[in-house]
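For reference, the structure is listed below as structure tokens.
The values are calculated or read from the model by the stated rules, or taken from the named source; none is laboratory data. Just so it is clear, the structure is predicted and the values come from calculations on it, not from any experiment. Here Cβ is always computed from backbone atoms with ideal geometry, including for glycine, and neighbour counts include all displayed protein chains.
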Amino acid sequence: MLEPVGGCKSCGRRIYCRDGFFDGVKQDGEIYCFSCVESMDEKDVKE
Ligand SMILES: [Zn+2]
């Protein structure tokens, strides 16, 4: 089952919920895809 949850706040890519597994990351109330979160983790090192 594939449910669209929303778009990545950063790149706009659509993020789905696969069989109840959220295919992205929720951060500060926004949704991001994994690749954006990874690049953010590298650059943005604010606690
Ligand atoms: Zn993204």
Practice task
Hey, can you tell me all the residues within region 19-35 that are out of contact with any Phe, Trp or Tyr (no Cβ under 6 Å at 6 or more places or on another chain), within 11 Å of the ligand (Cβ to nearest atom) and either modelled with pLDDT under 90 or not in a loop (DSSP other than H, G, I, E, B) (or both)?
Solution key: Glu30, Ile31, Tyr32, Phe34, Ser35
Completion exercise
Considering region 1-18, residues that are outside any strand (DSSP E or B) and more than 8 Å from the chain's Cα centre (by Cα), and then whichever is surrounded by the fewest Cβ atoms within 10 Å (Cβ to Cβ), we arrive at Met1
Handout entry: Residue ID - modelled with the highest pLDDT, chosen from residues in region 36-47 that are of a type outside the set (A, V, I, L, M, F, W, C) and either within 19 Å of Val5 (Cβ to Cβ) or in a loop (DSSP other than H, G, I, E, B) (or both)
Key = Glu38
